[in-house]
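Have a look at the structure below before the remarks.
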Amino acid sequence: MQRPRVKTAHRPQRVGEDRVRIGGRVYGIAAEIKDPHGRVWAMLNALDGTRTVDQVVSHLVHRFPDLTEDEVRSGLDQLIEAGYVTDAVAPDPEVLTERETERYSRSRAFFEWVDLVPRENGWHAQHRLRETKAILVGVGGTGGAAALALAGSGIGWLHCVEPDVVELSNLNRQILYTERDIGRPKVEAAVERLQALNSDIAVTGGDARVTGPDMLADLIRRFDLLILCADQPAEIRSWANIACMRTGTPWVYGGYHGPQVTAGIYRPGTGPCYECIRVGAAERREQGPPLTEYSVADDEPRIHPANAVSAGVSGNLVAHLAISSITGAPGVPPNRVFGFNLARPDHSFVLDAGEPHERCPACGVTP
Ligand SMILES: [Zn+2]
């Protein structure tokens, strides 16, 4: 690091006389440091991007004669390791064009804020996105919102897979499409719309209908990430789990159950899989009293309750997990499901099996 500078979004505050808060004020990013002698505060104020590391050290040693150079260097290293400091003179990577650096300037600022891993320069996450080939299966409500977020964010190549055509009843939630698209293959309209949003990325499409794990494994093999937004047929997430374990492909999925939105993130081989969580949940249900389903005949056609909000939150959450999986900014831990309840916006939850389930049909070891 040549000229260390505290990240703009992480500018510190002095709290009372003996503490410093760094990292802004957002939970998960900010931290408090004890500083009874004002040394940390002085160091942070020296990290304005105008001094070299040696100049910072001599500045601090001069101001606090009882400090050694090694102590100052160690303190600075800790701040850098914690992700609060960037290099003010790091050159922009040559792989991004001038148009891209202008286009993604807000993304860079966002990633720099949420990324607590030290990087060579602030464009790390954007560069990773640009290099990524992702396949998105199911371009409906969730998938359309996810695709818009990922295309806008500059994912390098987005391949969309969707066999259906646009219908009027889709338009309450599938914001990728317009009335002019009714009757068109969704994938055709999706590619056109996404490419119009961002012509600097590659967007392609296919109209395949997923029929099983073998077919899905063949489909995803050449991609870095699967984004599963289809919820039909009912087994499709189990198929994705098998296909991704076989190909070693990280994957994310999302959907909703009425107002309850969920999104999962998995990295095969690094912890419990999708089925581990499912098996554990089924076992917990079996331990409770038996359940009897309501037997009144239902003549109403079965529809999936959803609106633009539930689909949008679901799709954007999926896109967030996809971006996290690709860039590590922020580093969301994988192999779990995140849920958010629109009926009670103060209620969110995590499904985390902790360890692979011993009776998981996909990855567990049966004793
Ligand atoms: Zn498993």
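Put a dot 7 Å past each Cα toward the Cβ at ASN172 and GLU81; how far apart are the dots in nm?
5.5
Using alpha carbon centroids, what distance separates the stretch 283-333 and the stretch 65-94, in Å?
The stretch 283-333 and the stretch 65-94 have Cα centres separated by 43 Å.
Using a Förster distance of 41 Å, how high is the FRET efficiency between ASN307 and ASP48, based on the Cβ-Cβ distance and rounded to 0.05?
My answer for the efficiency is 0.30.
Which of LYS34, LYS186, LYS7, LYS133 has the fewest other C-beta atoms within 10 Å, and how do the rest follow up to the most?
LYS34, LYS133, LYS7, LYS186
As a footprinting exposure proxy, order ASP18, ASP299 by other Cβ within 10 Å, with the fewest listed first.
Listing ASP18, ASP299 from fewest to most nearby Cβ atoms yields ASP299, ASP18.
Which stretch or stretches of the stretch 128-152 have amide N atoms under 18 Å from the point lying 7 Å from LEU342's Cα along the Cα→Cβ direction?
Counting backbone N atoms under 18 Å from the label point, the list is 139-149.
Sort PHE111, PHE349, PHE223 so that the residue with the fewest other Cβ atoms within 10 Å of its own Cβ comes first and the one with the most comes last.
PHE349, PHE223, PHE111
In whole angstrom, note down how far apart the Cα centers of the stretch 116-154 and the stretch 198-244 are.
16
Considering only TYR294, TYR177, TYR274, give the residue with the highest GNM mean-square fluctuation for the chain, with springs between Cα atoms whenever their separation is below 10 Å.
Evaluated over the chain, the most mobile residue of the options is TYR294.
Which Rg and Dmax, in Å, describe the Cα atoms of the chain?
24.3, 84
Mind pulling the angle between the C-alpha long axis of helix 141-153 and the longest principal axis of the chain? Nearest 10 degrees, somewhere in 0 to 90.
Relative to the chain, helix 141-153 is tipped by roughly 30 degrees.
Based solely on C-alpha atoms, express the radius of gyration and the Dmax of the stretch 132-351 in angstrom.
That works out to 17.4, 56 Å for Rg and Dmax.
Principal axis extents for the stretch 98-249, Cα atoms only, whole Å, descending order, please.
44, 40, 21
Can you pull out the chymotrypsin sites (Phe, Trp or Tyr not before Pro) in the stretch 9-109 whose DSSP state is coil and whose Cβ has at most 14 other Cβ atoms within 10 Å?
Here the sparse-neighbourhood loop sites are TYR27.
Compute the acute angle (0 to 90°) between the alpha-carbon long axis of helix 274-287 and the principal axis of greatest extent of the alpha-carbon atoms of the chain; round to the nearest 10°.
Taking Cα atoms only, the helix is inclined about 70 degrees.
For helix 53-63, report the angle its Cα long axis makes with the longest principal axis of the Cα atoms of the chain; keep it between 0 and 90° and round to the nearest 10°.
Rounded to the nearest ten degrees, it is 50.
Values quoted throughout were computed directly from the atomic coordinates according to the rules given, and no laboratory measurement underlies them. Everything numeric in this text was worked out from a predicted model, so none of it was measured. For neighbour counting, all protein chains shown are included, and Cβ atoms are generated from backbone atoms with ideal geometry for every residue, glycine included.
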